[in-house]
Amino acid sequence: MDVTKYFIKGRTLLATDANLQDALGRVYQTSERPRCMCVQGGVEMYVAKHGEFVVKRMPGTGDMHHPTCQSFEPEAGVSGLGELVGEAIVEHTPDLVEIRTDFPFSRVSGKPLPRGEANGEPPAINAPRKKMSLRAVLHFLYHRAGLNRWYPAMEGKRSQGVIKKYLELAAGGVSLKGETLDKRLYVPEPFRVAEKDEIGERRRRKLSMLLSPGDDVAYKMAIVIGQFNGVEQTAYGRKLLVKHMPDVPLYMENKAWERAERAYATTLQARDADVDRKPMVVMAALIYAKREHIYQIDSLSMMLVSDQWIPLEGLHELPLIEALQAHGRSFLKPLRFDSKSGACFPNALLLDTEGGPFPLHVISAFLDPKEQSAKEKAIQAAGEEAWSWHTDRPMPDLPQRAASRAQATASGDHQRSHRVPEEQ
């Protein structure tokens, strides 16, 4: 398997080279830039420091990298990301991305708004700007963390500890409402009964900002991302259980949960599907402290994922995802973000084919007629060589791998910036 090479000050170093940190330190905060040598001539990179030096992609250069390179980024239009970039998502530097959301991170107790004049022209007409929903934020963090990508070397190594690490790293460079998102994000750490007290103390310390809202703020909010593990009825509303947080449920009003249950019915039912490897549900919950250390859900979003944490638009994608894994393929799963439909996007992008990313489309007989029509149009637009699979028929052969870089995965260098360590 190929390992990423960087060209720094006249030398070519592997990403696994013990001297790489020293080399990056010499160009850090200088005008010189390392080059990723995944393609002929290389692509300029950026050096950041997060404890150790990290090589990052320069803004706007993602599609210049080889598709199997860790820094490759397909065109934004192959997912719902394209509708948000430049408006709801603004990349200022490789280290700072600003996002704008349609939900608040606090409830403010203030004076009522003054009444406007009954007559006369308004001082200005404001055009609405796109903002991200909680689902889009979940998809953005997943995308930024690289968790919607798959390389064969990742098989069996995506534990709760790995998911937590990379979601938190992804949130660290995201600015939202004046602060970095990692300060308001909690992802449960792997739960161990023997360490229950220590884990609880770290969780309370992380969520302590919910207990001190400050002046003119009714309450602050945080985002919890974790695996949905069931719901129970209580005298105080529904109690949602999060895996790796067995001692701390999240409460939700009965009517709010009933709406969520209807909205995510197919996602929740998919956990009981007649398949060998059961999918899971990841939820993002916007929470606040209703009372001391009692966490209430303000809003909720859910996402179906495979047992390897790969996002799924629905169960119809699961056989394709598992076939790609079984054949040792490298691929990316485009995410919907806030797009009204995911049918116009590929269900997967193969990254190891000749000529660049290759879109794969899945058509389920159970899709809504409008979704089926949108998918058919997307396949027609892709041309005669488009790969598509109707789930009521045998799956066609997958496109062939490229003759070179056939399995240029992130098993070595990719793991440096997206390492998949074993859960401790």
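Taking 0.36 nm per residue of sequence separation and removing the Cα-Cα distance, the HIS327/VAL193 pair yields an extension gain of 44.5 nm.
Cysteines in the chain lacking any other cysteine Cβ under 4.7 Å from their own Cβ: CYS36, CYS344. Charging the Cβ of each Asp and Glu at -1 and of each Lys and Arg at +1, and nothing else, the dipole of the range 263-406 about its Cα centre rounds to 340 debye. When the charge dipole of the range 165-322 is built from unit charges on Cβ atoms (+1 for Lys and Arg, -1 for Asp and Glu) and taken about the Cα centre, the candidate among LEU211, ILE297, TRP257 whose Cα reaches farthest toward its positive end is LEU211. Dividing the summed helix terms, -39500 (n - 2.57) for each DSSP H run of n ≥ 4, by the number of residues in the chain produces a 222 nm estimate of -6000 deg cm²/dmol to the nearest 500.
Counting only protein chain heavy atoms and rolling a 1.4 Å probe, the accessible areas of LYS165, LYS49 rank, largest first, as LYS49, LYS165. Of the residues ASP276, ASP17, the one with the largest accessible area comes first in the ranking ASP276, ASP17, computed with a 1.4 Å probe on protein heavy atoms.
Take HIS316, HIS92, HIS361 and sort them by solvent-accessible surface of the protein heavy atoms, 1.4 Å probe, largest at the top.
Details: HIS316 40, HIS92 100, HIS361 5 Å².
Per-residue accessible area, sorted high to low, gives HIS92, HIS316, HIS361.
The relative contact order of the chain, computed from alpha carbon pairs under 8 Å that lie at least 6 residues apart in sequence, is 18 percent. For the pair LYS377 and GLU32, what calculated FRET efficiency results from E = 1/(1 + (r/R0)^6), where r is the Cβ-Cβ distance and R0 = 41 Å, to the nearest 0.05? For GLU32 and LYS377, the calculated efficiency is 0.30.
As a calculated quantity, the FRET efficiency between ARG205 and GLU384 at R0 = 60 Å, using C-beta atoms, amounts to about 0.55. D by Stokes-Einstein for the chain, Kirkwood Rh over Cα pairs, 20 °C, 1.002 mPa s: 92 µm²/s. Separation of the alpha carbons by more than 23 angstrom is noted, of LYS164/LYS243; LYS130/LYS340; LYS56/LYS340; LYS165/LYS196; LYS165/LYS333; LYS164/LYS333, for LYS56/LYS340. Listed by chain and number, the aspartates and glutamates whose alpha-carbon sits under 17 Å from that of LYS375, ignoring those within fewer than 8 places in the same chain, are GLU313, GLU317, GLU384, GLU385, ASP392.
Under 5 Å between amide hydrogens, built in the peptide plane, is the criterion, and for GLY230 it picks out LEU241 among residues at least 5 positions away or on other chains.
Shown in residue order for the range 164-179 are the 3J(HN,Hα) couplings computed by the Karplus curve 6.51 cos²θ - 1.76 cosθ + 1.60 at θ = phi - 60°: 4, 4, 7, 5, 5, 4, 5, 6, x, x, 10, 9, 9, 6, x, 9 Hz (x for Gly and Pro).
For the range 146-223, with all protein chains in place and a probe radius of 1.4 Å, 48% of the accessible heavy-atom surface sits on carbon or sulfur.
The values are calculated or read from the model by the stated rules, or taken from the named source; none is laboratory data. Keep in mind that this is a model prediction, so the values were computed, not measured. Counting neighbours? That spans all protein chains shown, and the Cβs are built from the backbone with ideal geometry, glycine included. The accessibility values were calculated without ligands, DNA or RNA, using every heavy atom of the protein model including side chains. Shrake-Rupley method; radii C 1.70, N 1.55, O 1.52, S 1.80 Å.
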